[in-house]
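What follows is a short report on a single structure.
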Amino acid sequence: MRAFLGMGLLGSNFTKALIKKGEQVQVWNRTTSRATAMEAFGAKAFANVADAVKGADYVHIVVKDDAAVNEVLAAAQPGLKPGAVIIDHTTTTVEGAKARTKEWKEKEFTYQHAPVFMGPGNALESTGYMLVSGDVAVLSNLELVLAPMTGKLVNFGNEVGKAAAMKLVGNSFLICLTAGLTDMLSVGKALGVNGDDILTLLGDWNPGLSVTSRLKRMLSAPYDEPSWELNMARKDAGLFMDATASAGTNLNVIPVVAKVMDEWIDKGFGNKDWTVISKDVL
C-alpha cells in the first residue's frame with residue numbers, strides 16, 4: 001500500500017495513475033478538501049498526515065520545497081510503518097536531498113529523492129522522466145516500484161544528491177528556453193511576424209535538434225574555428241534590440257546576453273566563435 005502526500009497537480013495525477021494500476025493509495029494535503037476530492041477516484045483521504053501514512057510501505061511526497069518536505073515528513077513520522085520507504089518527488093536543493101537521506105537512514109527509514117521532468121499529463125499517463133541517484137541496492141529494489149510511474153527512470157549513479165542537481169540543471173534550461181521564446185515573440189511582434197508564422201518557421205527549421213551538438217561544441221571550446229563570430233552575433237543582438245525599442249516591445253534575455261557579448265569583445269574575442277561567452281563557466 002502507498003501513501004501520497006501533496007495533492008497538487010502532480011501528486012493528484014500520480015495518485016489517479018497508481019489507482020488505475022490497482023494500487024491502494026492513502027492521501028493527504030495541507031488543504032484537506034484537495035485530499036478528500038481524490039476519494040472520488042478511489043483514494044482514501046486523511047486530514048492528519050500521520051494517519052495517512054499508517055500501513056504504507058511506500059510514502060510518496062511532492063510539495064513545494066525543502067522546508068515543506070521537512071515539515072510534512074516530521075509530522076508524518078509518528079505514523080510511519082517500520083522500514084517504510086520515503087520517495088520524494090519534490091524539486092529541492094542538493095544539500096536538502098543529502099541531509100534527508102542521511103537523517104532518515106539514521107531513523108531506520110529509507111529516503112529516496114526522485115525528482116521528475118513530468119507535467120500533470122505525464123503523471124497521469126506515466127510518461128516523462130524520473131531521476132534517481134544514490135545507494136545501488138536501494139535503487140535496485142525500487143526500480144520496479146518507480147519505473148511504472150514514468151516513461152523512463154534515469155539513474156545517475158551512486159552519488160547522493162546527483163538527481164537533485166540534474167533536476168535543477170534541467171529546470172535552468174527550461175526557464176531560459178521559455179524566456180528566450182518570449183524574446184523571440186517580442187522580436188517577431190516588432191517585425192510584424194505573428195506566433196503562427198514563428199510556429200511555421202520552427203516546424204521547418206527546428207533549432208532544438210542542434211542543442212546537443214551546440215553543447216558539445218561549447219565543451220570542446222573550438223573558439224578559433226568560428227561558425228558564427230561573436231562580432232556578428234552581437235550585431236544581430238543589436239538589431240533585435242533596435243527593432244523592439246522602436247516598436248515598444250520588451251526583451252528579457254537578449255539585453256543581458258548582449259552585455260556579456262560586449263565584455264568578451266572588449267577582451268579581444270570578437271573574431272572568435274560566439275560560444276566563447278561560456279568560457280568562464282567551463
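Take every DSSP beta bridge with both residues inside the chain and express the antiparallel ones as a percent of the total, to the nearest 5.
On the way: 3 of 25 bridges.
The antiparallel fraction comes to roughly 10 percent.
Is region 166-281 rounded, prolate or oblate when judged by the Cα gyration tensor, a ≥ b ≥ c being the square roots of its eigenvalues, rounded requiring a/c under 1.5 and prolate requiring a/b larger than b/c?
Working: a/c = 1.72, a/b = 1.27, b/c = 1.36.
Judged from the Cα gyration tensor, region 166-281 comes out oblate (a/c at least 1.5, b/c at or above a/b).
Could you grab the relative contact order for the chain? Cα pairs under 8 Å, six or more apart, rounded to a whole percent. Mind showing how you got there, number by number?
Values: 455 pairs, mean separation 34.4, N = 282.
Normalised by residue count, the contact order of the chain is 12 percent.
Calculate the length of the line joining the C-alpha centroid of region 123-147 to that of region 17-87, in whole Å.
Taking the Cα centre of each part, region 123-147 and region 17-87 sit 18 Å apart.
Using Cα-Cα distances under 8 Å and only pairs 6 or more residues apart, what relative contact order does region 131-242 have, in percent? Mind showing how you got there, number by number?
Values: 49 pairs, mean separation 21.2, N = 112.
Across region 131-242, relative contact order equals 19 percent.
Pick out which of I198, I87, I175 has the largest mean-square fluctuation in a Gaussian network model of the chain, springs linking Cα atoms closer than 10 Å.
Taking springs between Cα atoms under 10 Å, the residue moving most is I198.
Compute the acute angle (0 to 90°) between the alpha-carbon long axis of helix 136-146 and the principal axis of greatest extent of the alpha-carbon atoms of the chain; round to the nearest 10°.
90
Taking the DSSP beta bridges in region 2-158 as the whole, what percent of them are antiparallel, to the nearest 5?
10
Have a look at R217, R30, R100 and tell me which one the Gaussian network model of the chain (Cα, springs below 10 Å) gives the largest fluctuation.
Result: R217 has the largest fluctuation of those listed.
Return the long-range amide H neighbours of I86 (sequence gap of 5 or more, or a different chain), with a cut-off of under 5 Å between placed amide H atoms.
V59, T110, Y111, Q112
For the chain, compute Rg over Rh where Rg is the Cα radius of gyration and Rh is the Kirkwood radius from the inverse mean 1/r over Cα pairs. Let's see the in-between values first.
On the way: Rg = 23.5 Å, Rh = 21.7 Å.
Here Rg/Rh amounts to 1.08.
Can you compute the radius of gyration and Dmax for region 1-137, using only the Cα atoms, both in Å?
13.7, 39
Return the FRET efficiency for the residue pair N194, E263: r is the Cβ-Cβ distance, R0 is 41 Å, and the value is rounded to the nearest 0.05. Mind dumping the intermediate values first?
Details: r = 34 Å, r/R0 = 0.84.
For N194 and E263, the calculated efficiency is 0.75.
A short reminder: the numbers here are calculations on the coordinates, not readings from a lab. As the structure is a computational prediction, the values presented were derived from the model and not from experiment. Don't worry about glycine lacking a Cβ; one is built from the backbone with ideal geometry, like all the others, and counts go over all protein chains shown.
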